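The values are calculated or read from the model by the stated rules, or taken from the named source; none is laboratory data. Note that this is a predicted model, so its numbers are computed, not measured. Cβ sites come from the backbone with ideal geometry, for glycine too, and all protein chains shown count toward neighbours.
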């Protein structure tokens with residue numbers, strides 16, 4: 001499962017846990033969601049079972065975010081296989 | 001093997017970056033050889049119509065106008081349609097916003113939940129609902 005995070009939200013971690021259930025989801029950060037790419041937030045995401053954290057390159061370029069080196073930066077071309085092939089479903093919580 | 005992505009977009013271009021993201025993703029998906037359907041729902045229906053010149057005095061500053069215009073993705077919807085995307089809008093949501101029966105952009109078709117979305121879903125491999 002790939003979770004598309006496009007906003008910041010105080011209840012996000014709880015929502016991810018609820019949606020993922022027994023799965024360990026991957027996360028794709030876009031828009032203001034890239035603010036979750038900090039070291040602090042990536043640790044929080046990992047703590048609730050998130051495996052890979054991807055962050056949108058075009059969205060990062062317009063914001064001053066100090067990105068964790070545990071995030072994988074992806075452009076639109078690299079998002080295509082993530083969404084079309086590598087995950088059974090993509091959900092925007 | 002080509003797959004079909006259906007994007008249900010629920011935000012207009014002025015509210016957040018969802019429309020920009022949807023257009024960027026759709027273009028990349030089409031370039032990769034897949035198919036794209038896009039259904040404009042909620043405030044996203046405001047992108048379905050041809051733009052009309054504003055009548056009367058425009059008070060917006062050039063700087064703010066430039067900022068507002070950055071996110072206008074209407075022409076990009078036409079471009080996506082030219083690349084093969086099927087883009088439709090929800091007429092009920094348009095009615096609620098007073099825009100039903102306005103002229104559509106060349107790339108956008110009239111649509112509804114009962115038939116258009118079902119038609120899209122029947123051929124969909126990947127469904128992505130983008131909301132805030």
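Results, tabulated for the structure shown:
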{"read-out": "Selected residue (criterion: farthest from the other protein chains (Cβ to nearest Cβ)) from residues of region B:91-107 that are in contact with a helix residue (DSSP H, G or I) (Cβ under 6 Å, 6 or more places away or on another chain) and under 18 Å from residue B:23 (Cα atoms)", "value": "B:106"}
{"read-out": "Residue in region A:57-65 that is facing chain B (nearest Cβ under 10 Å), crowded, with 17+ Cβ neighbours inside 10 Å and under 12 Å from the mean Cα position of the chain (by Cα) present", "value": "no"}
{"read-out": "Filter pass, residue B:24 being touching a helix residue (DSSP H, G or I) at 6+ places or on another chain (Cβ under 7 Å), within 22 Å of residue A:5 (Cβ to Cβ), surrounded by fewer than 18 Cβ atoms within 10 Å (Cβ to Cβ) and within 14 Å of chain A (Cβ to nearest Cβ)", "value": "no"}
{"read-out": "Residue list for region B:27-48, filter: within 9 Å of another protein chain (Cβ to nearest Cβ), surrounded by fewer than 22 Cβ atoms within 10 Å (Cβ to Cβ) and in a helix (DSSP H, G or I)", "value": "B:27, B:28, B:31"}
{"read-out": "Output for region A:68-87, where each listed residue is in contact (Cβ under 8 Å) with a residue 24 or more places away in the chain, touching a strand residue (DSSP E or B) at 6+ places or on another chain (Cβ under 6 Å) and more than 18 Å from residue A:23 (Cβ to Cβ)", "value": "A:71, A:74"}
{"read-out": "Qualifying positions in region B:16-25 - under 16 Å from residue A:28 (Cα atoms) and in a helix (DSSP H, G or I)", "value": "B:18, B:20, B:21, B:22, B:24, B:25"}
{"read-out": "Residue among B:51, B:17 that is at the interface with chain A (Cβ under 9 Å from one of its Cβ atoms), farther than 12 Å from residue B:89 by Cβ and modelled with pLDDT under 95", "value": "B:17"}
{"read-out": "Number of the exception - residue B:9 against (1) surrounded by fewer than 19 Cβ atoms within 10 Å (Cβ to Cβ); (2) within 14 Å of chain A (Cβ to nearest Cβ); (3) under 12 Å from the mean Cα position of the chain (by Cα)", "value": "(1)"}
{"read-out": "Enumerated strands (runs of 3 or more DSSP E) restricted to region A:1-63, each holding at least 2 residues that are touching a residue at least 12 places away in the same chain (Cβ under 8 Å) and farther than 30 Å from residue B:14 by Cβ", "value": "none"}
{"read-out": "Residues (within 14 Å of chain B (Cβ to nearest Cβ) and part of a loop (DSSP other than H, G, I, E, B)) located in region A:66-93", "value": "A:75, A:87, A:88, A:89, A:92, A:93"}
{"read-out": "Residues that are away from chain B (no Cβ under 14 Å) and under 21 Å from residue A:80 (Cα atoms), drawn from region A:1-31", "value": "A:24, A:25, A:26, A:27"}
{"read-out": "Unique residue being in contact with a helix residue (DSSP H, G or I) (Cβ under 6 Å, 6 or more places away or on another chain), modelled with pLDDT of 90 or more and at negative phi when the list is B:76, B:62", "value": "B:76"}
